[in-house]
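Visitor: Dropping a structure here in structure tokens format, bear with me for questions.
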Amino acid sequence: MGVMINGTYQIEDPGPGTDASGAYERTKSSLRNWITPDGPFAPDHGRYHLYVAWNCPWAHRTLLVRAVLGLEQAITVSIAKPRRTDMGWVFDAEGPFADTELGASAVHEVYARQRPAYTGRITVPVLWDKTTQQIVSNESADIVRMFATAFDPAQCLAPAPLLDQIEHWNALIHPRINNGVYRAGFACTQAAYDDAVTDLFSALDEVEAHLAVHTTLVGDTLTEADLRLFPTLARFDVAYHYAFKCNLRKLSDYPNLWDYARALHAVPGIAATVKPDIYKAGYFSPSPQRNPLGIVPAGPHVDWSAPPKRQITLTT
């Protein structure tokens, strides 16, 4: 992902962080401003630009909320090329992987514009403010919440009456599932891997049981929590099951989770954000730890078209 030191990009990437036990530790985001009606970052349509990559699950959650709420015109987007280089996430000069806002050749050039000078990892998503020419946030959870609540109160994915339930699921999903697959995939000791994979599938079992009697995570309503879970589900069988050794079960082995995932996939706007071939190319890219030869497997083929038993719609 690369590192910026006092506004200057460093090619040498220290790689995933681990603690003394060999357990993976995710770096915390540090740019965390908010869009609010009273500013300085107001919810003005057309003011913000989103930097993402198709294969990044943290970026995927922001694209999901943008698509489901119909914010494509309100929030423009630049999509980085699927595979990082020694320059980190990069762009083409033109075409679908070009930066249409700043004309940057790499995401680190966006971070280089930040004042005061930025020090930290170069990650996506990044929410850029066209008006003040600065980064609003590089924390995906915050961007999701801003998109989910700030732009159209009539279509809110985190309504106040449901917020406690949403936060309950977010608190389970992020450490144990979204980040749980990474804790398993980047574990550097057997003990760290065993702990991570056990916790991951225990959490999936909890969600499976809940979905046996509920349409979505929060009753029968599509919320932010569902869209924070979905990116991991979309990648599970084609990437995490194999590349990250999350192989106690496949997503398709869970009747309720798999039905729920297909129902989410059927929500207007979501299918267009799912890119299985890009996920495989990214997660099976050359890695001394996980895939030294960089061979991308041909399968599996995941059939999202099978009609789900449940139907999930956006409540307004």
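Visitor: Report, for the chain, the % of DSSP beta bridges that are antiparallel, rounded to 5.
Guide: Values: 19 of 27 bridges.
Given both bridge residues lie in the chain, the antiparallel proportion sits at roughly 70 percent.
Visitor: Okay, next question. Can you tell which of Ala154, Ala184, Ala112 shows the greatest fluctuation in a Gaussian network model of the chain with Cα springs below 10 Å?
Guide: In this elastic network of the chain, the residue with the biggest mean-square fluctuation among Ala154, Ala184, Ala112 is Ala154.
Visitor: Principal axis extents for the chain, Cα atoms only, whole Å, descending order, please.
Guide: That works out to 49, 48, 37 Å along the principal axes.
Visitor: Counting only protein heavy atoms and using a 1.4 Å probe, what share of the accessible area of the chain belongs to carbon plus sulfur, as a whole percent?
Guide: Numbers: 7250 of 13510 Å².
Roughly 54 percent, rounded to a whole number.
Visitor: Quick one: accessible surface of Thr216, probe radius 1.4 Å, all protein chains present, in square angstrom to the nearest 10.
Guide: Counting only protein heavy atoms, the figure is 0 Å².
Visitor: Leaving ligands and nucleic acids out of the surface, order Leu162, Leu229 by accessible area at 1.4 Å, largest first.
Guide: Values: Leu162 40, Leu229 0 Å².
Heavy-atom accessible area, descending, gives Leu162, Leu229.
Visitor: While we're on this one: For a quick check of understanding: with a 1.4 angstrom probe and all protein chains in place, what accessible area in square angstrom does Met87 have, to the nearest ten?
Guide: Met87 exposes around 60 Å² with every protein chain in place.
Visitor: Leaving out ligands and nucleic acids, and using a 1.4 Å probe, what accessible area per residue does the chain come to in Å²? Walk me through the intermediate numbers first.
Guide: Values: 13510 Å² over 316 residues.
Dividing the accessible area of the chain by its residue count gives 43 Å².
Visitor: Give me the dipole magnitude in Debye, nearest 20, for the chain about the Cα centre, with unit charges on the beta carbon: positive for Lys and Arg, negative for Asp and Glu.
Guide: Once rounded to the nearest 20, the dipole reads 380 debye.
The values are calculated or read from the model by the stated rules, or taken from the named source; none is laboratory data. Everything quoted here is computed from the prediction, not taken from an experiment. Here Cβ is always computed from backbone atoms with ideal geometry, including for glycine, and neighbour counts include all displayed protein chains. Keep in mind that these areas ignore ligands, DNA and RNA; they rest on the heavy atoms of the full protein, side chains included. Shrake-Rupley method; radii C 1.70, N 1.55, O 1.52, S 1.80 Å.
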